[in-house]
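Data first, discussion second: the structure below is written as C-alpha cells.
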C-alpha cells in the first residue's frame, strides 16, 4: 500500500478513535437515542446512531449498517468522507477499481468523488459507518422503512 494511502488510513483510524473516545467520555452528558431500526429488503438494515436531528446540525452522521450475505451494491460516489469500521463479518469495498477486503476490526474509507462498490461474501457483515459531513448518512436513510420487529 503506498505511503499516501497508509497516511490516509492512519488519519481515518485516528479520527474514528478520537470520535469514539469523545463520545465515551461524554456519554453521561451526551447519550443520543439511536434512531429506529430501518430495513431495506435488498440492502439489509440501518440504524442511525447520530445525525442532524440529534446534533442540531449536519456536521457528522454515524450509523450501524447490516449487510446481507452475497450483497453487491451498485457503483456510486459520496459527497462526504465515508469511514467504514467492520464490526462483524468480512466486508469488501472496491474504491476506484481497487478491491480492499476488510475483516472484523478493520477500517476503510472513501473520499468524496471516489467511485465505490460494497460487497459481502457468503456471510453477512455489520459495519459502523461515519460520514463527514453527515449529508450522505441522511441521504442513505431515505427510502428505508422502520423494521417492526425492532
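Bear in mind that the values in this text are calculations on the coordinates, not laboratory data. Since the model is a prediction, treat every value here as computed from it, not as a measurement. FYI the Cβ positions are ideal-geometry reconstructions off the backbone, even for glycines, and counts take in every protein chain you see.
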Note to self: Just the residues that are surrounded by 14 or more Cβ atoms within 10 Å (Cβ to Cβ) and either without any contact (Cβ under 8 Å) to a residue 60 or more places away in the chain or assigned to a loop (DSSP other than H, G, I, E, B) (or both), please, taken from the stretch 134-148.
What the structure shows: 134, 139, 144, 147
Notebook entry, point to check: In the list 113, 105, 89, 97, which residue meets the criterion of being at positive phi and crowded, with 17+ Cβ neighbours inside 10 Å?
Noted result: 89
Note to self: Being touching a residue at least 60 places away in the same chain (Cβ under 8 Å) and either surrounded by fewer than 18 Cβ atoms within 10 Å (Cβ to Cβ) or within 21 Å of residue 68 (Cβ to Cβ) (or both) is the filter here; which residues of the stretch 116-133 pass it?
What the structure shows: 124, 126, 127, 128, 129, 133
Next item on the list: Give the residues of the stretch 60-81 that are closer than 18 Å to residue 44 by Cα and outside any loop (DSSP other than H, G, I, E, B), sorted by residue number.
Entry: 62, 63, 64, 65, 66, 67, 72, 76
